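This report concerns only the one structure given below.
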Amino acid sequence: MMLRFLAFAIALFSAGTAFAQTAGVPPEELNNTRRLAGDSINVCFDVTSLGRPFDEDVARAIGDALFLEVNVIDGFGGFPLNGDGFMDELTLAMNNTCDVFMGVSVSANSPFSEAFALTRPYASIPFVFVASDPAYQSLGDIPKDRPLGTAMASMGEMNYITWAQQQPDGQSWVRYPYADPDKMATRVLDGTIAGMIVWQPAFSRVLAERSDADALRIIDPSPLPEAFVRVGALVSSRNGFLRSQMDQAIDALVADGTIAALLEKYGYEGKAGE
């Protein structure tokens, strides 16, 4: 039985005034009224997020723990790799519509302004190394003259670059960056690259959508160090009560095994609450 909190009447309010305006947001687009949520909460998602189904399940579990109805709102997404437009859209969404934005990276170098506060992470989900050749049991088995693929501009790619820069000449692999995980998987299957470094939700989507993906498998990434995304949620920094309640709910869901069960449901080799 999922641990629930002993609840008292919860009235959740949005920020009393608009978030600090970003350069691209006209003031007339910001709704400065106060939104009373009562016994429900508006939860938003990036429409392009690869981890969206998992994040939505976590959001509903948090809602159950807090005796709140979760109103799912798709939000926005589809931005270029440099993130142009993201902060403007996020400001609009969090000011006008959303109480919570799920599925954000929780890290010490967060790009978010003081208008936003991060919850504690509810999961850490890894980057994995995927190959198709049965001769390879780990990345270290792959000859150095065979190229690898990496997910462009990802933490997994940066982890590989950092490691490769520390190796002697000739002791690292040539790296081909890919913006599309599906295209990268095709190149693994046709032998153009020996394997790929990809976030596990992206790999899970490839497995679900391709009939020829059975040959792809996760192998030991050593000698690379582990790389993972710590995933949490974003709330208004003015709604400290909601942020506190969400952190307590996440603690409970980690403790009773709910998050771990959801990770297992989606086949993610992640860790709950880290």
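The values are calculated or read from the model by the stated rules, or taken from the named source; none is laboratory data. The model shown is predicted, which means the values in this text are computed figures rather than measured ones. Neighbour counts are summed over all protein chains in view; Cβ atoms, including those assigned to glycine, are modelled from backbone coordinates with ideal geometry. In case anyone asks, the SASA skips ligands and DNA or RNA and just uses the protein heavy atoms, side chains included. Shrake-Rupley method; radii C 1.70, N 1.55, O 1.52, S 1.80 Å.
Of the numbered criteria (1) more than 22 Å from residue 75 (Cβ to Cβ); (2) open to solvent by less than 50 Å² (accessible area, probe 1.4 Å); (3) at pLDDT below 95, the one residue 242 fails is (1).
Residue-wise test of (1) modelled with pLDDT of 85 or more; (2) in a loop (DSSP other than H, G, I, E, B); (3) within 22 Å of residue 250 (Cα to Cα); (4) hydroxyl-bearing (Ser, Thr, Tyr).
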position	(1), (2), (3), (4)
41	yes, no, yes, no
48	no, yes, no, yes
54	yes, no, yes, no
64	yes, no, yes, no
79	no, yes, no, no
98	yes, yes, yes, no
110	no, yes, yes, yes
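For the residues 204, 211, 236, the requirement of being farther than 23 Å from residue 136 by Cα and either among the β-branched types (Val, Ile, Thr) or out of contact with any Leu (no Cβ under 7 Å at 6 or more places or on another chain) (or both) singles out 236.
Of the residues examined, residue 197 is not one that is surrounded by fewer than 17 Cβ atoms within 10 Å (Cβ to Cβ) and part of a strand (DSSP E or B). Taking the stretch 212-231 as the range and being open to solvent by 50 Å² or more (accessible area, probe 1.4 Å) and in a strand (DSSP E or B) as the test, the residues that pass are 217, 218, 220, 228, 230.
Give the residues of the stretch 119-150 that are over 30 Å from residue 234 (Cα atoms) and of a type in the set (Ser, Thr, Tyr), sorted by residue number. Within the stretch 119-150, 132, 136, 138 meet the criteria.
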